[in-house]
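Below is one structure, written out as structure tokens; comments come after it.
The values are calculated or read from the model by the stated rules, or taken from the named source; none is laboratory data. Predicted, not measured: the structure shown is a model, and the values here were computed from it. Using ideal geometry, Cβ is built from the backbone for each residue, glycine included, and neighbour counts are taken over all protein chains shown.
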Amino acid sequence: MSIVKHLLSLKTFDINRKGGSDMQTPVMVAAERGHYDVYNLLVSEGAELSLTDEYNFDCLMLACKGGNMSIVKHLLSLKTFDINRKGGFFMQTPVMMAAERGHYDVYNLFVSEGADLSLTDKYNSDCLMLACLGGNMSIVKHLLSLKIFDINRKGGFFMKTPVMMAAGRGHYDVYNLLVSEGADLSLTDEDNSDCLMLACEGGNMSIVKHLLSLKTFDINRIGGIYMQTPVMMAAARRHYDVLDILVSEGADLSLTDEGNSDCLMLACKARNMSIVKHPLSLKIFDINRKGGFFMQTPVMMAAGRGHYDVYNLLVSEGADLLLTDEDNSDCLMLACEGGNMSIVKHLLSLKTIDINRKGGSDMRTPVMMAVKKGHYDVFYLLVSEGADLSLTDEGNSD
């Protein structure tokens with residue numbers, strides 16, 4: 001408040017000027033972040049509340065996202081907003097936005113004001129679906145009590161049912177309530193993901209255990225946007241407990257996904273040491289096999305993401321550090337993008353990689369990659385090791 005007050009006192013700012021990536025006014029920004037004192041001050045200084053941003057959000061919608069009841073109440077009291085107007089990228093009403101963010105008080109206020117709960121958004125999501133994403137039990141219970149929603153209707157960008165959405169977000173109480181109300185657990189979404197797969201992404205053990213207990217799911221079925229098994233999805237999202245129970249139930253760890261990534265690769269990307277150690281201990285993976293969209297080895301993936309513990313473990317297990325990926329990037333280049341100094345220092349100490357070699361889709365040197373990613377410490381280290389700063393890439397950028 002002190003900063004805002006000082007800036008306003010200078011009388012040099014247009015209080016209604018739009019800016020930022022969403023082209024919002026100051027009062028819109030305050031409303032979306034739930035800063036009531038700032039919002040109130042701006043209103044007292046003449047902030048225009050009828051404007052909309054680049055995505056057609058108005059102040060009321062942004063306030064519903066922010067969840068501050070005082071701001072929402074003030075805006076409603078003005079009687080200038082259409083309570084059922086759709087806006088934003090997904091073309092949602094204010095009550096939809098409150099439901100998706102789990103703001104029960106705001107949601108309840110809109111219901112009392114006559115908000116239409118039967119509307120759907122741009123991707124055909126209804127209030128029940130959005131509430132299942134938000135995870136607020138009170139909102140979900142109220143919507144189910146209305147008996148106006150088809151509990152198994154599919155909607156949203158990926159055409160999921162409410163129970164799929166709850167499972168994918170790990171909202172066990174909501175999931176359990178929907179099951180008790182007759183939710184169909186056998187359905188799949190647009191990408192052929194089933195409830196078990198989505199639950200493995202969400203990471204809630206209670207949901208996963210319940211679904212496994214039904215004995216109706218093929219634990220090794222492939223689905224989802226990347227054509228992965230449930231255990232792959234658990235590995236990619238660092239859910240060790242979920243992975244462990246799937247393995248105990250007979251999950252096949254030798255399968256690969258659409259990009260030819262195996263469980264070891266996915267675990268290396270995710271940086272969960274427990275998950276990485278488990279597949280390594282099985283001795284069924286070729287530690288130097290290339291996979292993924294860029295045809296990289298597990299150690300390349302770890303280096304490119306700056307996961308030193310995983311990188312170090314793979315090196316101790318005999319990972320080959322001299323291999324290159326599909327774009328001719330080597331481990332040093334990838335490590336310079338990842339920005340982990342310990343990995344870069346280790347690779348430089350080996351004296352086996354040309355510090356000025358060009359690679360990657362843009363044919364850049366390691367030091368160029370460090371600069372591009374803003375890794376100053378890595379840049380400085382490479383310069384001290386003799387990196388040539390006069391070189392240019394494929395597009396002639398230096």
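Do we find a residue being of a type outside the set (A, V, I, L, M, F, W, C), surrounded by fewer than 18 Cβ atoms within 10 Å (Cβ to Cβ) and over 23 Å from the mean Cα position of the chain (by Cα) anywhere in segment 124-135?
Checking segment 124-135: not a single residue is of a type outside the set (A, V, I, L, M, F, W, C), surrounded by fewer than 18 Cβ atoms within 10 Å (Cβ to Cβ) and over 23 Å from the mean Cα position of the chain (by Cα).
Look at segment 322-346 and say how many of its residues are closer than 23 Å to PHE293 by Cβ and in a helix (DSSP H, G or I).
Summing the residues that are closer than 23 Å to PHE293 by Cβ and in a helix (DSSP H, G or I) in segment 322-346 gives 9.
Looking at SER213, SER145, which is the one that is over 20 Å from the mean Cα position of the chain (by Cα), hydroxyl-bearing (Ser, Thr, Tyr), surrounded by fewer than 24 Cβ atoms within 10 Å (Cβ to Cβ) and closer than 26 Å to LEU119 by Cα?
SER145
Answer with yes or no whether LEU280 is touching a Cys at 6+ places or on another chain (Cβ under 6 Å) and without any contact (Cβ under 8 Å) to a residue 40 or more places away in the chain.
Answer is no for this residue.
Residues that are surrounded by fewer than 24 Cβ atoms within 10 Å (Cβ to Cβ) and in contact with an Asp or Glu (Cβ under 8 Å, 6 or more places away or on another chain): does segment 259-268 have at least one?
no
I need a count of the residues in segment 138-168 that are among the basic types (Lys, Arg) and out of contact with any helix residue (DSSP H, G or I) (no Cβ under 9 Å at 6 or more places or on another chain).
1
Where the second residue is crowded, with 16+ Cβ neighbours inside 10 Å and modelled with pLDDT of 95 or more and the first is charged (D, E, K, R) and assigned to a helix (DSSP H, G or I) and lies in segment 197-224, which pairs have Cβ atoms under 6 Å and are six or more apart or on separate chains?
GLU201/GLY168; GLU201/MET233
Look at segment 159-217 and say how many of its residues are over 20 Å from CYS127 (Cβ atoms) and touching a strand residue (DSSP E or B) at 6+ places or on another chain (Cβ under 6 Å).
Number of matching residues: 5.
Going through segment 178-196 one residue at a time, which ones are part of a helix (DSSP H, G or I) and either under 17 Å from ILE148 (Cα atoms) or more than 25 Å from the chain's Cα centre (by Cα) (or both)?
LEU178, VAL179, SER180
Conditions tested, residue by residue: (1) closer than 27 Å to MET273 by Cα; (2) free of Cβ contacts under 8 Å to residues at least 40 places away in the same chain; (3) of a type in the set (Lys, Arg).
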residue: GLN296; (1), (2), (3): yes, yes, no
residue: HIS307; (1), (2), (3): yes, yes, no
residue: ASP330; (1), (2), (3): yes, yes, no
residue: GLY339; (1), (2), (3): yes, yes, no
residue: LYS345; (1), (2), (3): yes, yes, yes
residue: LEU389; (1), (2), (3): no, yes, no
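Looking at segment 58-78, I want the residues that are more than 17 Å from ALA131 (Cα to Cα) and surrounded by fewer than 21 Cβ atoms within 10 Å (Cβ to Cβ) and have a partner that is among the hydroxyl-bearing types (Ser, Thr, Tyr) and modelled with pLDDT of 95 or more with Cβ atoms under 9 Å, at least 6 apart or on another chain. Which pairs are those?
MET69/TYR36; SER70/TYR36; SER70/TYR39; HIS74/TYR36; HIS74/TYR39
How many residues are part of a loop (DSSP other than H, G, I, E, B) and in contact with a His (Cβ under 9 Å, 6 or more places away or on another chain) if we restrict to segment 1-38?
The total comes to 1.
Among the numbered criteria (1) within 27 Å of LEU266 (Cα to Cα); (2) without any contact (Cβ under 8 Å) to a residue 40 or more places away in the chain; (3) part of a helix (DSSP H, G or I); (4) of a type outside the set (Ser, Thr, Tyr), which single criterion is violated by ALA319?
All conditions are met except number (3).
In segment 87-112, how many residues are of a type in the set (S, T, N, Q) and farther than 20 Å from SER145 by Cα?
Qualifying residue count, segment 87-112: 2.
Kindly provide the set of residues from segment 258-279 that are under 14 Å from PRO298 (Cβ atoms), out of contact with any Pro (no Cβ under 7 Å at 6 or more places or on another chain) and either in a helix (DSSP H, G or I) or modelled with pLDDT of 95 or more (or both), ordered by number.
Selection gives LEU266, LYS269, ALA270, MET273, ILE275, VAL276, LYS277, HIS278, PRO279.
Only residues in segment 88-107 that are within 17 Å of LEU119 (Cα to Cα) count as the first member; pair them with residues that are surrounded by 24 or more Cβ atoms within 10 Å (Cβ to Cβ) and polar (S, T, N, Q), Cβ under 7 angstrom, at least 6 apart or cross-chain, and list the lot.
none
Tell me the residue from LEU119, LEU109 that is touching a strand residue (DSSP E or B) at 6+ places or on another chain (Cβ under 8 Å), surrounded by fewer than 24 Cβ atoms within 10 Å (Cβ to Cβ) and not polar (S, T, N, Q), please.
Going through LEU119, LEU109 in turn, the sole match is LEU119.
Among the listed residues ARG289, ARG305, which satisfies the condition of being at negative phi, of a type outside the set (Val, Ile, Thr) and out of contact with any Ser or Thr (no Cβ under 8 Å at 6 or more places or on another chain)?
Only one candidate passes the filter, namely ARG305.
Could you list all residues from segment 23-42 that are closer than 18 Å to GLY67 by Cβ and either modelled with pLDDT under 95 or in contact with a Leu (Cβ under 7 Å, 6 or more places away or on another chain) (or both)?
Within segment 23-42, VAL27, MET28, ALA30, ALA31, GLU32 qualify.
Go through segment 1-34 and give me each residue that's surrounded by fewer than 19 Cβ atoms within 10 Å (Cβ to Cβ) and closer than 25 Å to GLY87 by Cβ.
ASP14, ILE15, ASN16, ARG17, LYS18, GLY19, GLY20, SER21, ASP22, MET23, ARG33
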